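The values are calculated or read from the model by the stated rules, or taken from the named source; none is laboratory data. This structure is a prediction, so every number in the text was calculated from the model and none was measured. Neighbour counts run over all protein chains shown; Cβ positions are idealised from the backbone, glycine included. For the accessible areas, the whole protein counts, side chains as well, though only heavy atoms, and no ligand, DNA or RNA atoms are used. Shrake-Rupley method; radii C 1.70, N 1.55, O 1.52, S 1.80 Å.
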Amino acid sequence: MINPRPLSRRTQSSGATLEMARSRLWNAEGADMEIKPQAVVIPKETDQLEQGKYGPVFPRTPACYGFTIVAKVKPGRADTMREYGYTLAKALEQDPYLLAPLKLHYLRWVLFDDDTRFMYQGIFDTDFDKYTEDAVALFSKAGVSTAFENLEGFPDDWRTNPDAFVRFVREHHCPSFIEYGEYPYVTADEIKKALRIKNSLSEMLDQMQ
């Protein structure tokens, strides 16, 4: 029986170094990167906030920008609302970067109270004014714009009257009173960049073995 040739000390040392580098790459703790979770309380009064084109601009928080819209669904329209979820998902399959201009982190649609009310939640990196203006154009392009037409009070002429769209959003916006970020103030682009770098370093370490 032929015994396998033992690894040299140099090879063993190199392997240990690679393994240590890989471990540090994948298991780096937030403290080492100086990333400290933060929370910010948002006051109920908006008089002291900066005024934007459409009203008060809620400050950027550790969770970035965002809003929550709650509105009543027109009677008998809940299934239509759900169907537009499939429409949006299909549109993103065809063009994964369709919503990229909105600089979104997350988007969530919720039907509740026996499908009588709708909640729209978005977390993004642009301010309210820009997000709203970009959303008017993009929702139409994505073919999901009429989902909001199933909500009570949504303006029929929103395509030609964006101000009416903005008023609807403002009137149905439920502001947060506290927001928390595990990795505060980090943009979606920064997260994707970090993941690309991490993936590249991991591939480099694999090739060095």
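Residue pairs whose Cβ atoms lie under 7 Å apart, separated by 6 or more positions or on different chains, with the first residue in region 38-59 and within 27 Å of Pro162 (Cβ to Cβ) and the second assigned to a strand (DSSP E or B) and of a type in the set (A, V, I, L, M, F, W, C), are Ile42/Ile178.
In region 116-129, is there at least one residue being open to solvent by 40 Å² or more (accessible area, probe 1.4 Å), in contact (Cβ under 8 Å) with a residue 12 or more places away in the chain, in a strand (DSSP E or B) and among the polar types (S, T, N, Q)? There is at least one residue in region 116-129 that is open to solvent by 40 Å² or more (accessible area, probe 1.4 Å), in contact (Cβ under 8 Å) with a residue 12 or more places away in the chain, in a strand (DSSP E or B) and among the polar types (S, T, N, Q).
Number of residues in region 179-209 that are open to solvent by 90 Å² or more (accessible area, probe 1.4 Å) and within 18 Å of the chain's Cα centre (by Cα): the value is 8.
For region 50-69, the tally of residues that are out of contact with any helix residue (DSSP H, G or I) (no Cβ under 6 Å at 6 or more places or on another chain), surrounded by 15 or more Cβ atoms within 10 Å (Cβ to Cβ) and part of a strand (DSSP E or B) stands at 7. Looking only at residues in region 79-114 that are over 15 Å from the mean Cα position of the chain (by Cα) and part of a loop (DSSP other than H, G, I, E, B), the one that is farthest from Asp125 (Cα to Cα) is Asp114. Does Gly76 satisfy the condition of being part of a strand (DSSP E or B) and not hydrophobic (A, V, I, L, M, F, W, C)? When the stated conditions are applied, Gly76 does not pass them.
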